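Shown next, in structure tokens, is the structure this report addresses.
The values are calculated or read from the model by the stated rules, or taken from the named source; none is laboratory data. Remember, it's a predicted structure, so these values are computed and weren't measured experimentally. Because the Cβ atoms are built from the backbone with ideal geometry, glycine has one as well, and the counts that use them run over all protein chains shown. Note: accessible area is taken over every heavy atom of the protein model, side chains too, but ligands, DNA and RNA are not part of it. Shrake-Rupley method; radii C 1.70, N 1.55, O 1.52, S 1.80 Å.
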Amino acid sequence: QVQLVESGGGLVQAGGSLSLSCAASGLTFNIYNMGWFRQTPGKEREFVAYILWVGSNTDYADSVKGRFTISRDNAKKTVYLQMHSLKPEDTAVYYCAASRYGNSRYASSYDYWGQGTQVTVSS
């Protein structure tokens with residue numbers, strides 16, 4: 001049974017930082033592309049960042065580029081999202097996801113999802 005478990009969300013003031021983690025189990029982690037998405041009520045899930053299975057190729061949404069960093073530790077089967085200079089518009093539920101194939105900017109490409117962790121940025 002595949003499980004992705006996010007942690008690290010919380011409440012932070014604008015300009016602050018948070019670090020999210022996503023621990024994977026039940027899959028061969030080092031052959032999966034991993035992504036972070038976020039969602040606010042009434043809106044579609046939005047791409048944030050992904051990292052390819054090879055580990056060195058990453059991509060970011062324009063809205064977070066330069067502020068967020070995605071990384072992975074294949075030995076720990078964990079993907080991370082470091083978030084700096086947070087803005088109130090970054091407030092959302094953040095989800096990690098695993099994709100074996102496909103274009104990793106699109107939620108439909110992902111095979112497995114975590115349950116999400118809430119990030120709230122106060123102004």
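Stokes-Einstein diffusion coefficient for the stretch 1-78 at 37 °C in a medium of 0.692 mPa s, Rh from the Kirkwood formula over Cα pairs: what value in µm²/s?
238 µm²/s
Short version: ³J(HN,Hα) in whole Hz for each residue of the stretch 14-29, in order, from phi by Karplus 6.51 cos²θ - 1.76 cosθ + 1.60 (θ = phi - 60°), x for Gly and Pro, what are they?
Residue by residue, the stretch 14-29 yields 3, x, x, 10, 9, 10, 9, 10, 9, 9, 10, 8, x, 9, 7, 4 Hz.
Shape verdict for the stretch 44-104, please, from the Cα gyration tensor: rounded (a/c under 1.5), prolate (a/b greater than b/c) or oblate.
Prolate.
Where does each of 42-54, 87-99 land if you order them by average Cβ count within 10 Å, highest first?
Highest mean packing first, the order is 87-99, 42-54.
Can you list the residues of the stretch 24-59 with backbone N under 13 Å from a point 7 Å past the Cα of R105, pointing along Cα to Cβ?
47-50, 59
Could you check the simple spin-label distance between T120 and D73, using points 7 Å along Cα→Cβ, in nm with one decimal?
If labels sit at T120 and D73, their model points lie 2.9 nm apart.
Of the listed peptides 56-62, 102-108, what is their order by residue-averaged count of other C-beta atoms within 10 Å, with the highest listed first?
Top of the packing list down: 102-108, 56-62.
If I model a spin label as a point 7 Å beyond the Cα along the Cα-Cβ vector, how far apart are those points for Q39 and A23 in nm?
About 2.4 nm separates the two model spin labels.
Charges at C-beta only: +1 for Lys and Arg, -1 for Asp and Glu. How large is the resulting dipole of the chain about its Cα centre, in Debye rounded to 20?
140 debye
Just the number, please: carbon plus sulfur as a percent of the accessible area of the chain, 1.4 Å probe, no ligands or DNA/RNA counted.
47 percent
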